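Below you'll find the structure, written out as structure tokens, and then a few comments.
The values are calculated or read from the model by the stated rules, or taken from the named source; none is laboratory data. What you are looking at is a predicted structure, and each value in this text was computed from that prediction instead of being measured. Note: ideal-geometry Cβ built from the backbone for every residue, glycine included; neighbour counts use all protein chains shown.
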Amino acid sequence: MTAIVPLAELQRRFCAWLREGDEDVAARLAETLNVGAGLSVYQNAYRVSLVEALRETHRRAALWLGEAAFEAAAARYIDAEPPSSWTIDAYGAGFPAALRADDPVAADLAAIDRAVGDVFVGDDAIPVSAAALAEVDWQTAVIRPVPALALVPIQTNADALWLALAGEETVPAAKNGNTATLMVWRQGFEPVMRRADPVECAILRASLAGIGFGRICEELADESDEADAVTRAGTVLGRWIGEGLIADFA
Amino acid sequence: MTAALPGAAVPASPPIGADMSNPLSGFGLGMRRPHYAQYVAGEAPIDFVEVISENFMIPGGRPIDTLTRARAHYPVALHGVSLSVGSADGPRGDYLDRLKALVDRIEPAVVSDHLCWTGIGAFNSHDLLPVPLTDEALDVVCRAIDQAQTHLKRRMLFENPSSYIAFPGTMPEWHFLSEMVRRTGCGLLLDVNNVFVSATNHGLDPLAWLDGLPLHAVGQIHLAGHSRGEHGLIDTHDAAVDPAVWALYAETIRRTGPVATMIERDGNIPELGELIDELAQARTAEIMPA
């Protein structure tokens, strides 16, 4: 028994048709494969499942946009970015950026949605307690944040909007030009987020790059006086310990 | 109008009874989010739960904790949708690594996926696409199943798909599945609703379709609801099991004997009690005389 066309070629044609969704292409494919009208079931399932995956991952952005605008944005994205991720839950990494030109608030909301989703299923870790600090050599120690942590740059007040949408509260007015970086992490199994100040961002990024706490303090001191830098870094550290942001020290 | 299936393969070796090496038995449900709390508490009066593997092939967090806690009360069947044994370029290595990690973590009673493909090259449609049932595809599928079973160090079950198209010049699905089972030693996850949907869509007799399948290799049975679309029946999992599917199920277990059976429900999910009541029909069917 022989194939009508080699399997790889048939599958490439089938995928091209799924991606393009063009009726003429569908007609040619159906004629080539002689498979009839049932082909449309697959085209429909393909697009519906991707739209639903985008909605599930970007729930607050979808709420903000409304049904028609979200579906239109999702359709444009699916056309522009065919799926390649190993699981459908990972589809749409570029969706927040794709929303930016038309709606910066939606883009920020989508970025938060995505970060919260990633953190929700991120690696587990037991944060260190304040008692562990006594054992730390601060000159050489490298802060290791909990693995389920994301930094999300935003340009709007999307963090306030996200929380209001999540709680079905009165949604505040949107504000552009409200640039900030959010820290999103997990306390137990619950994702939490807040704005990080520039010093926190600097310490966090340096720590993630493997730079020791002592050197971070030195670099901060170069920007201000030494005592102030150590105080600021210590304040950040204490806050992080309290918020369960530090997994351990290397 | 349906037609009988000329040449339907009837297994020569013992056709009756499930593979006794299969550790799954009794009656179960697909574990879905609205009912997580009841499964974690062990409150559902069922014999096993089945989960979608990919939903738990993740580093950590609440979903894994939920499954681990449910696992303390119920045997777990892992049911995947992305292995893609029918892809010409074979399963992804990173996918198999993730699945192996989950299998090691949960120690499921059963690991299954579908006779389908989901994409080729970098493209992954995330849909269960139809395999053209050719000799070439059979080689591809068997190679992929061998690879997966070797990687996981265990036998897997593969589900007969719902199909909405038939490729010309190809072998019947029951023949393809029989050869797949014979060559790889895998088991069959028999989706009775899929048999009904596919047979109906292709104008064939569901019972004859059933009789052609390698029933001796059935390790688990799926039941689900379907809906009627523009071009035929669609396996939507969003409604109660159809009476015609219940009748086909009764015929199935008359041939196989008791096999672990469960209901899949992915849309319009009702209260857990309603699904438990529906599952009771399967229990009844199993003890009814032929």
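Return yes or no: is B:ASP205 closer than 22 Å to B:ALA77 by Cβ and either surrounded by fewer than 21 Cβ atoms within 10 Å (Cβ to Cβ) or within 14 Å of another protein chain (Cβ to nearest Cβ) (or both)? It would help to see each step written out before you state the result.
On the way: closer than 22 Å to B:ALA77 by Cβ: no; either surrounded by fewer than 21 Cβ atoms within 10 Å (Cβ to Cβ) or within 14 Å of another protein chain (Cβ to nearest Cβ) (or both): yes.
Spelling it out, it is not the case that B:ASP205 is closer than 22 Å to B:ALA77 by Cβ and either surrounded by fewer than 21 Cβ atoms within 10 Å (Cβ to Cβ) or within 14 Å of another protein chain (Cβ to nearest Cβ) (or both).
Looking across segment B:91-133 at every residue that is within 20 Å of the chain's Cα centre (by Cα) and small (Gly, Ala, Ser), the one that is nearest to A:VAL5 (Cα to Cα) is identified as B:GLY119.
Of the strands (runs of 3 or more DSSP E) entirely within segment B:103-143, those holding at least 3 residues that are without any contact (Cβ under 8 Å) to a residue 24 or more places away in the chain occupy B:123-129. Do you know which of the residues in segment B:224-238 that are among the aliphatic types (A, V, I, L, M) and within 12 Å of chain A (Cβ to nearest Cβ) is farthest from B:GLY267 (Cα to Cα)? In this case the residue turns out to be B:LEU233. For residues that are of a type in the set (A, V, I, L, M, F, W, C) and crowded, with 18+ Cβ neighbours inside 10 Å, scanning just segment A:170-191, find the one that is modelled with the lowest pLDDT. The selected residue is A:ALA174.
Exactly one residue out of A:ALA62, A:ALA97, A:ALA115, A:ALA110 is in a helix (DSSP H, G or I), away from chain B (no Cβ under 14 Å) and out of contact with any Phe, Trp or Tyr (no Cβ under 6 Å at 6 or more places or on another chain), and it is A:ALA97. Taking each residue of segment A:33-50 that is within 15 Å of A:ARG19 (Cβ to Cβ) and among the aliphatic types (A, V, I, L, M) and looking for partners that are assigned to a loop (DSSP other than H, G, I, E, B) and at pLDDT 85 or above with beta-carbon atoms closer than 6 Å, six or more apart or interchain, yields A:LEU39/B:ILE165. The set of residues in segment A:76-106 being within 19 Å of A:THR156 (Cβ to Cβ), free of Cβ contacts under 8 Å to residues at least 40 places away in the same chain, aliphatic (A, V, I, L, M) and surrounded by 21 or more Cβ atoms within 10 Å (Cβ to Cβ) consists of A:LEU99 alone.
Of all the criteria given as (1) surrounded by fewer than 22 Cβ atoms within 10 Å (Cβ to Cβ); (2) in contact with a Gly (Cβ under 8 Å, 6 or more places away or on another chain), the one not satisfied by B:ASP211 is (2). Considering segment B:98-134 alone, what residues qualify as being within 10 Å of another protein chain (Cβ to nearest Cβ), out of contact with any Asp or Glu (no Cβ under 9 Å at 6 or more places or on another chain) and among the charged types (D, E, K, R)? Once the filter is applied, which keeps residues that are within 10 Å of another protein chain (Cβ to nearest Cβ), out of contact with any Asp or Glu (no Cβ under 9 Å at 6 or more places or on another chain) and among the charged types (D, E, K, R), segment B:98-134 yields only B:ASP127. Restricting attention to segment A:48-59, the residues that are facing chain B (nearest Cβ under 10 Å) and buried (at least 18 other Cβ atoms within 10 Å of the Cβ) total 2.
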